[in-house]
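Report on one structure; see the data block that follows.
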Amino acid sequence: MYDYKCNKCGAYLDSGEHCDCQSKKEELEELRYMEAERKSNDRI
Ligand SMILES: [Zn+2]
């Protein structure tokens, strides 16, 4: 028997289940990136 654990947040998962913390993080980083780009465009 295997313990499926998210190696990012340590949450226990079912086999083959993907923890949503990673997609959340990607979303957050994309949002931050877009915001930073928008700000730099405003400055110009
Ligand atoms: Zn996770």
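Of all the criteria given as (1) exposed (fewer than 10 other Cβ atoms within 10 Å of the Cβ); (2) within 9 Å of the ligand (Cβ to nearest atom), the one not satisfied by residue 21 is (1). Residues considered: 35, 29. Of these, the only one that is at pLDDT 85 or above, over 14 Å from the mean Cα position of the chain (by Cα) and away from the ligand (no atom under 11 Å from the Cβ) is 35. Can you find even one residue in the range 3-18 that is of a type outside the set (A, V, I, L, M), within 14 Å of the ligand (Cβ to nearest atom) and in a helix (DSSP H, G or I)? Checked against the condition, which is being of a type outside the set (A, V, I, L, M), within 14 Å of the ligand (Cβ to nearest atom) and in a helix (DSSP H, G or I), the range 3-18 yields no hits at all.
The values are calculated or read from the model by the stated rules, or taken from the named source; none is laboratory data. Predicted model, so just to flag it, every value in this text is computed and none were measured. Every residue, glycine as well, gets a Cβ built from its backbone with ideal geometry; the counts of neighbours run over all protein chains shown.
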